[in-house]
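Before any comments, here is the structure.
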There are 2 protein chains.
Amino acid sequence: MTDTADTHDLATERKQRAESWFRELRDDICAAFERLEDELSGENAERLADTPPGRFERRTWRRQDPEVEEPGGGTMSIMHGRVFEKVGVNISTVQGRFSEGFAKEIPGAEADPTFWASGISLVAHMRSPHVPAVHMNTRHIVTATSWFGGGSDLNPSREDEADTRDFHAAMQAACDAHDPGYYPRFKAWADDYFFIKHRGEARGVGGIFYDYLDSGDWEADFAFTRDVGKAFLDIYPTLVRRHMHKPWTEADRQHQLFRRGRYVEFNLLYDRGTRFGLQTGGNPEAILMSLPPLAGWP
Amino acid sequence: MTDTADTHDLATERKQRAESWFRELRDDICAAFERLEDELSGENAERLADTPPGRFERRTWRRQDPEVEEPGGGTMSIMHGRVFEKVGVNISTVQGRFSEGFAKEIPGAEADPTFWASGISLVAHMRSPHVPAVHMNTRHIVTATSWFGGGSDLNPSREDEADTRDFHAAMQAACDAHDPGYYPRFKAWADDYFFIKHRGEARGVGGIFYDYLDSGDWEADFAFTRDVGKAFLDIYPTLVRRHMHKPWTEADRQHQLFRRGRYVEFNLLYDRGTRFGLQTGGNPEAILMSLPPLAGWP
């Protein structure tokens with residue numbers, strides 16, 4: 001009895017710590033992004049004189065699931081600003097039972113299909129075509145087993161070699177502090193995952209992607225996942241500041257809109273979370289918050 | 001021998017007649033749409049003074065298939081104009097072998113997976129939010145059996161009751177001339193097919209959708225398919241003329257962009273042709289010509 005109670009307490013405590021971390025990271029990211037909104041000055045601020053510096057708006061949603069007493073839900077934070085044309089930061093904590101078909105694909109779910117999942121998911125589409133769009137997501141899933149997953153990838157309209165180098169260096173540093181094998185594996189996974197097959201081209205310049213991370217040391221895996229979030233929080237505002245005051249042309253903007261079209265194609269055709277969420281009755285507003293405010297196809 | 005030769009000649013002749021019809025319809029539609037470009041005058045023409053009346057540009061593509069001697073191909077006709085912000089009219093005639101998995105889903109393909117397919121496919125995204133977007137497609141497929149399929153549906157930014165009524169009346173007239181059961185069946189099929197499940201909303205105001213049409217009278221089925229094309233060619237320019245000179249506001253335009261976002265969601269998540277084409281190595285430029293020049297998500 002004592003053993004079971006301890007195990008239960010430990011499991012509950014870990015869930016709470018993971019959930020708290022995603023919330024804390026959300027708060028820090030939103031604060032950092034609002035500071036960037038305040039920092040914009042010069043020509044790019046003047047041409048948006050009618051648009052005040054952006055502030056996040058929050059909307060809470062509850063998951064609908066008659067089979068579960070506490071199905072959970074999430075909070076969407078969304079900002080339409082001067083630097084961030086549209087940025088969404090979702091946190092959610094949900095629990096339920098996987099459908100029979102889906103359970104087969106999930107570690108530990110075939111015997112017991114109940115799951116608990118908590119995570120943060122972020123997509124930023126920027127006004128300036130010189131500032132890269134970005135995606136970051138980390139999550140913790142608990143079935144009969146448990147694991148962490150996530151990653152971050154950079155999606156510039158036109159590649160800037162220094163940005164690519166610095167973004168990858170930040171992700172590599174977060175990885176290397178935990179396991180020298182992580183970065184090569186997780187970079188290759190991102191290259192493989194963020195690929196638009198029918199176009200034969202990468203979605204962006206990559207980053208890292210990992211899933212089913214369960215090294216046997218929960219504390220180490222959680223610490224790594226926190227470090228991925230912190231690395232993102234450090235490097236992305238640096239890249240935004242580097243470019244956000246540069247002027248751009250109508251041709252730059254048009255190219256950015258076409259690249260966003262590719263982003264839409266990836267998200268609706270290939271993104272696992274998007275397709276799974278929509279097909280299992282998730283909240284479409286939250287799932288599709290990743291879609292750009294404006295996108296084009298020539 | 002004579003019988004086989006006659007059957008062969010008849011099959012060849014029918015393919016040629018279907019293919020010729022789709023090409024003829026394409027030519028008539030392109031000519032009608034270019035006339036609409038020339039007719040635009042007044043305020044809506046003035047604000048596009050830098051954009052000349054649109055003209056279709058054609059691009060031919062060949063299907064890649066090492067297993068087939070004549071894999072076929074198609075011709076994309078695309079126009080970016082003053083009335084038509086982007087309109088694509090594809091005709092294609094292809095032949096090959098269905099993959100094993102796909103053959104199971106196709107009438108007559110399980111025994112013999114060879115197919116021949118010819119068709120026309122059209123999507124128009126209009127500059128004016130008052131002019132409805134539209135889709136029309138008709139096709140003839142030959143396996144061990146053969147059939148016709150197609151339809152047309154109207155996608156206004158905001159519904160105009162007279163447009164909905166007149167568009168449906170045109171489709172109904174085409175149907176009723178052949179079989180009084182066609183319109184109710186094919187209208188219901190369109191309502192079911194052009195539905196964005198995850199949003200719980202229709203893509204547009206419907207029209208007709210039919211597939212696997214093989215009444216046993218090839219001539220009658222071909223005549224019906226021609227009449228669907230002619231009905232479209234008659235009613236759609238009527239609706240365009242009805243609205244193309246009206247002024248619109250920025251709010252109208254914004255709403256149109258969001259409705260186009262829904263159109264993108266449908267095409268990438270649900271459209272059979274799009275998903276099948278992309279997953280079987282079709283020409284992505286031709287398949288995705290249906291995507292709007294600009295679309296938004298709030």
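The values are calculated or read from the model by the stated rules, or taken from the named source; none is laboratory data. The shown structure was predicted, so the numbers you read here are calculated from the model rather than taken from an experiment. Here the Cβ is made from the backbone with ideal geometry for all residues, glycine too, and neighbour counts use every protein chain on show.
Structure notes:
- The C-beta contact set for the stretch A:44-70 (first residue under 22 Å from A:R82 (Cβ atoms), second residue among the basic types (K, R) and at pLDDT 95 or above, distance under 7 angstrom, 6+ apart or interchain) comprises A:A45/A:R82; A:L48/A:R82; A:T51/A:R82; A:P53/A:R82; A:G54/A:R82.
- Among (1) in a loop (DSSP other than H, G, I, E, B); (2) buried (at least 16 other Cβ atoms within 10 Å of the Cβ); (3) of a type outside the set (A, V, I, L, M) - the single one B:W189 does not satisfy: (1)
- B:V134 modelled with pLDDT under 95 and in contact with a Phe, Trp or Tyr (Cβ under 6 Å, 6 or more places away or on another chain): no
- Among the residues of the stretch B:99-133, those identified as among the hydroxyl-bearing types (S, T, Y) and more than 30 Å from B:N44 (Cβ to Cβ) are B:S99, B:T114, B:S118.
- The stretch B:74-100 - residue that is within 14 Å of chain A (Cβ to nearest Cβ) and over 14 Å from B:I287 (Cβ atoms) and, of those, nearest to the chain's Cα centre (by Cα): B:V87
- Scanning the stretch A:150-177 for residues being touching a Ser or Thr at 6+ places or on another chain (Cβ under 9 Å) and surrounded by fewer than 19 Cβ atoms within 10 Å (Cβ to Cβ) gives a total of 1.
- Lone unmet requirement of (1) crowded, with 19+ Cβ neighbours inside 10 Å; (2) within 14 Å of another protein chain (Cβ to nearest Cβ) for B:A231: (2)
- Residues (more than 23 Å from A:L288 (Cβ to Cβ) and in a strand (DSSP E or B)) located in the stretch A:80-110: A:R97
- Tally, over the stretch A:266-298, of residues that are facing chain B (nearest Cβ under 7 Å), part of a helix (DSSP H, G or I) and out of contact with any Pro (no Cβ under 9 Å at 6 or more places or on another chain): 4
- From the list A:E37, A:E19, the lone residue that is among the acidic types (D, E), surrounded by 14 or more Cβ atoms within 10 Å (Cβ to Cβ) and under 18 Å from A:A124 (Cα atoms) is A:E37.
- Checking A:G261 against (1) among the small types (G, A, S); (2) within 25 Å of A:L36 (Cβ to Cβ); (3) at the interface with chain B (Cβ under 9 Å from one of its Cβ atoms), the condition it does not meet: (2)
- Of all residues in the stretch B:89-102 being of a type in the set (A, V, I, L, M, F, W, C) and closer than 19 Å to B:P66 by Cα, the one that is modelled with the lowest pLDDT: B:F102
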